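Visitor: Quick one: this structure, given as structure tokens, is what I'll be asking you about.
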Amino acid sequence: MDHLLLPPASDLRERPVLAAIVANRHSITLGIIFTAHLLTAPLDEGRGALFGPMFLLVLYMAGFLLLGQRNALSVCILTAGSLALVGAVANFLGESPTLLCMTLVCSSVFDLLLIVFMLTWLFKQRKMPFDNIMAGIIVFMFMAALWTQLYALVCLATPGAVRGPEGGLGPHPAITLYYFSVATLTTAGFGDVVPVSDMARMLAAYEALIGQVYLVVFIALLMGRHFAPRAAAPGKEAPGAATPPVTGQRQP
């Protein structure tokens, strides 16, 4: 399966720049996501509250195109992301609770499929170099983004389901919900943003549980892939090791 944007491996030998991009594609994608988050903050004001998530989704899709492959799952991811992007643009032009709800649903599907895509690829790897570790961090951030969309849906269905320091979500609800999602996923629990409704509390409980399970599994995978190449292969002996005598043979 070929990458959507990256050339075949046979062409990389003649293109050192592209070879470097391929070798560090997850680090580049993580940089795109960090940039998207940092640039969303100043855009999340007034009508920019809709433009910020739209901009974030565009950069998410740019990062996925750098990682993506030509298969059925990648087509589903691009379809969900495109629908979410179209919905965000339409909602930017004319606010509608129904349209916003549909956009959040498409964004949730987009994030969920990305998590499945990345985890499937990650667990197939036999080694864990630095760039693959960055892929694990990307999955963690997509988990936080997924729960952010779910909290937003709950807040649309039940206003006040998540309460910030001043009683609401403040002037930047998208940033507040993402901050609450990351704090819950990492079990930091600062307490300045809290779930109020039963559904929000259930989501927070499961997010904290999944976050801890993922960290344990990812660290175990990282350690296993790191130390596995150092272990002696079956049937091979370490250099300098003495050969044990065979039973029944006379030793000189």
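Visitor: As an exercise: evaluate I138 against (1) part of a helix (DSSP H, G or I); (2) more than 30 Å from M223 (Cα to Cα) and give the number of the one condition it does not meet.
Guide: Against the list (1) part of a helix (DSSP H, G or I); (2) more than 30 Å from M223 (Cα to Cα), I138 comes up short only on (2).
Rundown of residues vs (1) acidic (D, E); (2) surrounded by 15 or more Cβ atoms within 10 Å (Cβ to Cβ); (3) under 16 Å from the mean Cα position of the chain (by Cα); (4) closer than 22 Å to Y151 by Cβ, yes/no style:
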| residue | (1), (2), (3), (4) |
| --- | --- |
| N71 | no, no, no, no |
| M102 | no, yes, no, yes |
| S107 | no, yes, yes, yes |
| L114 | no, yes, yes, yes |
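Visitor: Select from region 130-155 the residues that are of a type in the set (A, V, I, L, M, F, W, C) and farther than 30 Å from G224 by Cα and write down the one among them that is surrounded by the most Cβ atoms within 10 Å (Cβ to Cβ).
Guide: Ranking the qualifying residues of region 130-155, first place goes to A152.
Visitor: Name the residues in region 187-212 that are outside any loop (DSSP other than H, G, I, E, B) and in contact with a Lys or Arg (Cβ under 8 Å, 6 or more places away or on another chain), would you?
Guide: Result: V194, P195.
Visitor: Another question, if that's okay. Hey, among the residues in region 154-179 that are assigned to a helix (DSSP H, G or I) and among the small types (G, A, S), which one's nearest to A144 (Cα to Cα)?
Guide: Applying the first criterion (assigned to a helix (DSSP H, G or I)) to region 154-179 yields 154-157, 173-179.
Checking the rest, the ones that are also among the small types (G, A, S) come to 157, 174.
Details: A157: 20, A174: 12 Å.
Per the stated criteria, the residue is A174.
Values in this text are rule-based calculations from the coordinates and carry no lab data. Given the structure is predicted, the values throughout are model-derived calculations rather than measurements. All Cβ positions, glycine included, derive from the backbone under ideal geometry; neighbour counts span all protein chains shown.
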